[in-house]
1. Going Cα to Cα from LYS227, which aspartates and glutamates come in below 17 Å? Please leave out same-chain ones fewer than 8 positions away.
2. Along the charge dipole of segment 191-254, which of THR229, ALA215, LEU240 sits closest to the positive end, that is, farthest toward it, with unit charges on the beta carbon of Lys, Arg, Asp and Glu (+1, +1, -1, -1)?
3. Quick check: the distance between the Cα centres of segment 162-203 and segment 99-128, to the nearest angstrom?
4. Grab the beta carbon distance between ALA81 and ASP261, set R0 = 56 Å, and tell me the FRET efficiency rounded to 0.05.
5. With label points built 7 Å along Cα→Cβ from the Cα atoms of LEU252 and SER64, find their separation and express it in nm.
6. Using only alpha carbon pairs under 8 Å that are at least six residues apart, calculate the relative contact order of segment 216-313 and give it in whole percent.
7. How big is the dipole moment of segment 191-254 about its Cα centre under a simple scheme where the beta carbon of each Lys and Arg is +1, that of each Asp and Glu is -1, and everything else is neutral? Debye, nearest 20, please.
8. Please label the shape of segment 106-193 as rounded, prolate or oblate, based on the square roots a ≥ b ≥ c of the eigenvalues of the alpha-carbon gyration tensor (a/c under 1.5 means rounded; beyond that, a/b larger than b/c means prolate, else oblate).
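What follows is calculated from the coordinates using simple rules that are stated; it is not laboratory data. Model, not experiment: these values are computed from the prediction. When we count neighbours, we look across all protein chains shown, and the Cβ atoms used for this are built from the backbone with ideal geometry, even at glycine.
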Amino acid sequence: MMEFLAEYGLFLLKVATVVIAVVIIIASAAGASRKAGTQERLDVDDLNKKYKDVAAALNEAVMSKAEWKAAAKLQKREDKADSKAEEKRPRVFVIDFKGDLKASAVPSLREEVSAIVSVAAENDQVVAIIENYGGVVHEHGLAASQLARIRDRDLPLTVCVDKVAASGGYLMACVASRILAAPFAILGSIGVIAQLPNFSRLMDSHGVDYEQVTAGQYKRNVTMFGKNTDADRAKLKEELEDVHDLFKQAVLKYRPELDLDRVATGEHWYGSKAVELGLADEIRTSDELLAELAKDHDLYRISYKIRKPLQQRLLGGVDRAMEKFDAAGWRRHFESRLPR
């Protein structure tokens, strides 16, 4: 019996040790996260140098030793001449925006735009590479407003859509001076949607009452738990139409030549058709554009890094799961239309 108790006590001690170690690790991570939560920085990448380094690495691998030395010497002379040139080349500031349902990259976008407009000169320009399926209206409206700050400074703004700029994503893209789209990029979806389940019948079957008290006739209309009336649905429809009108006005401000009756139906189109309809201006990928600009411009990728606290990063997993589910819905919809 004593041997059993001793072994059991040893087992409990091991378990307690493991639990304490895990608690210490979590506490340390949370503490570090709190400290890191305030750490923000602006990263600036010289894309011209990056392109040259990549080309040099490939040349070194495929050229003979003599060829490589000659090419390296020539490149060194060209770089030296560029550094001594009295007239500096115009600059292109490149920003990337990868959207989600809540447009959570807006704080970084705000800082990136602020940095650019504070230093940009007359001949500089901005290229924004957007990948965004859309989401919450006011969040994406704020994202579009950040890009509008560039236009307000009379800086040329080119938006590249390599994959998708739909709904709120197109609300951002349309601000641009010109929009470039890859051949199979998805653009459009100028519409507004609201959808929610209703559990009232399920609650009735289980004898659950739902009480809702409001002040103000339209404080709440369609609900998930109470019984919805035709008047409730009509009011929600009216609100959605109001938002849709705002959406169309925002698009028309920057692309007045669009036939809104044709394109503001909530539909989406691929690159070539989007150009035909006026939703985009040219079929070209961001890689093609940047490679061309690098010939006579200095390119800098601007990225503002914000490290979120541990709690926000953990809770953010829910949003990411919803985003992936929404994106999967888009993919299923598009893939179902492709020939087998």
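1. List returned: ASP204, ASP209, GLU211.
2. Sorting the options by dipole projection puts first LEU240.
3. Using only Cα atoms to place each centre, the spacing works out to 21 Å.
4. Values: r = 55 Å, r/R0 = 0.99.
Computed FRET efficiency for ALA81 and ASP261 comes out at 0.50.
5. Each label point lies 7 Å from its Cα, and together they span 6.8 nm.
6. Computed value for segment 216-313: 12 percent relative contact order.
7. For segment 191-254, the charge dipole is close to 160 debye.
8. oblate
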